[in-house]
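Okay, structure first, notes after.
The values are calculated or read from the model by the stated rules, or taken from the named source; none is laboratory data. Values in this document were obtained by computation on a predicted structure and should not be read as measured data. Using ideal geometry, Cβ is built from the backbone for each residue, glycine included, and neighbour counts are taken over all protein chains shown. Each accessible area value is taken on the protein alone, full model and side chains, heavy atoms only, with ligands, DNA and RNA left out. Shrake-Rupley method; radii C 1.70, N 1.55, O 1.52, S 1.80 Å.
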Amino acid sequence: MTMSYTARLLVVDDEEFGGAAADAVLDRLPERSPRLGIATGDTPMPLYVELARRVRAGEIDVSSGFLIALDEYIGLDCQDPRSYAAYVRTRVGAPLGIPAHNILVPDGLAADPDVEAAAFERRIDDLGGVDVQIAGIGSNGHLAFNEPGSPLESTTRAVALSEQTRADNARFFAGCSDVPHRAITQGLGTICRARSVVLLARGATKAAALAAALTGPVGTEVPASVLQRHPAVTVIADRSAAADLSIRHH
Ligand code: PGA
């Protein structure tokens, strides 16, 4: 099977992952006021560690940039260490020297999550959009918190998390019952408006979802498949995540 669209696929060893991801991001990131879309979770951590290393080494300076989060749990305060606001601030913003006022994350405690979601969508537009969106993929094919069934043109909105996603994320909480049931997430349409996307996948639990997203039909059952319609996607996968891909790559 071949990919009929133009995504670039790099299959790398574990120790190369952070470096390959950093190269892919920086390749597409403007030097002045870069607007970087941030995914949370385990997968992108080697990328953030490598970007921080390059900042410390004086190889790059992204301190004039903006960080824009993909999503946030509804019900978590931005000071809660399990919130994505805390993740973006402490694991990405601080190490990269990006001040808190240049970090955009939906407010998980907003009185009306639908109003907050619409305002977040406008904030992205007002900033001029996302230059490079870093994304992961869920074991169920979700993209950000766009679970299976999400409309391909969707914008930022309040959503219910699937039981699969709550179970997958239980490791970050005291247990599954502790994982919030709802989130505010950028929509699939929002994500597709980023100028380029770097999709990251690590580990065998992502293999089936990655293969379905890259080589299956585009449709709401596999939300990440919408990226087949995006003109500038780089996919970086470790060997376990790429195991179900039967595509030719160079
Ligand atoms: P993970 O999450 O990086 O923690 O596996 C990815 C995702 O669910 O999008």
Unique match (being in a helix (DSSP H, G or I), open to solvent by 20 Å² or more (accessible area, probe 1.4 Å) and in contact (Cβ under 8 Å) with a residue 24 or more places away in the chain) among Ala118, Ala94: Ala118
So which residues in region 72-86 are touching a residue at least 40 places away in the same chain (Cβ under 8 Å) and open to solvent by less than 20 Å² (accessible area, probe 1.4 Å)? Glu72, Tyr73, Leu76
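Listed here are the residues, each with its yes/no results for (1) under 21 Å from Ala85 (Cβ atoms); (2) open to solvent by less than 50 Å² (accessible area, probe 1.4 Å).
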| site | (1), (2) |
| --- | --- |
| Asp14 | no, no |
| Gly18 | no, yes |
| Asp27 | no, no |
| Arg32 | no, no |
| Gly37 | yes, yes |
| Pro46 | no, yes |
| Glu50 | no, yes |
| Ile60 | no, yes |
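One line per residue, one yes/no per condition, for (1) of a type outside the set (Val, Ile, Thr); (2) in a strand (DSSP E or B); (3) modelled with pLDDT under 95:
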{"site": "Ala170", "(1), (2), (3)": "yes, no, no"}
{"site": "Ala183", "(1), (2), (3)": "yes, yes, no"}
{"site": "Gly189", "(1), (2), (3)": "yes, no, no"}
{"site": "Leu199", "(1), (2), (3)": "yes, yes, no"}
{"site": "Ala209", "(1), (2), (3)": "yes, no, no"}
{"site": "Leu214", "(1), (2), (3)": "yes, no, no"}
{"site": "Ala224", "(1), (2), (3)": "yes, no, no"}
{"site": "Ala242", "(1), (2), (3)": "yes, no, no"}
{"site": "His250", "(1), (2), (3)": "yes, no, yes"}
Are there any pairs, at least 6 apart or on different chains, whose C-beta atoms fall under 7 Å, with the first in region 205-217 and farther than 16 Å from Gly41 by Cβ and the second open to solvent by 30 Å² or more (accessible area, probe 1.4 Å) and of a type in the set (Gly, Ala, Ser), and if so, which? Ala207/Ser240; Ala207/Ala243
Among the residues listed as Ala174, Ala208, Ala232, Ala194, the single one being aliphatic (A, V, I, L, M) and within 14 Å of Gly138 (Cβ to Cβ): Ala208
Which residue out of Glu15, Glu31, Glu50 is among the acidic types (Asp, Glu) and modelled with pLDDT under 95? Glu31
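For (1) modelled with pLDDT of 95 or more; (2) away from the ligand (no atom under 15 Å from the Cβ); (3) not polar (S, T, N, Q), each residue gets a yes or a no:
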position: Asp131; (1), (2), (3): yes, yes, yes
position: His142; (1), (2), (3): yes, no, yes
position: Ser150; (1), (2), (3): yes, no, no
position: Gln164; (1), (2), (3): no, no, no
Out of the residues in region 28-48 that are away from the ligand (no atom under 16 Å from the Cβ) and not hydrophobic (A, V, I, L, M, F, W, C), which is nearest to the chain's Cα centre (by Cα)? Arg35
Could you please let me know if Ala135 is touching a strand residue (DSSP E or B) at 6+ places or on another chain (Cβ under 7 Å), touching a residue at least 40 places away in the same chain (Cβ under 8 Å) and within 14 Å of the ligand (Cβ to nearest atom)? yes
Scope region 221-250; condition open to solvent by 40 Å² or more (accessible area, probe 1.4 Å), within 21 Å of Pro151 (Cα to Cα) and touching a strand residue (DSSP E or B) at 6+ places or on another chain (Cβ under 9 Å); matching residues: Pro231
For region 76-125, what are the residues that are over 22 Å from Gly187 (Cα atoms) and small (Gly, Ala, Ser)? Gly93, Ala94, Gly97, Ala100
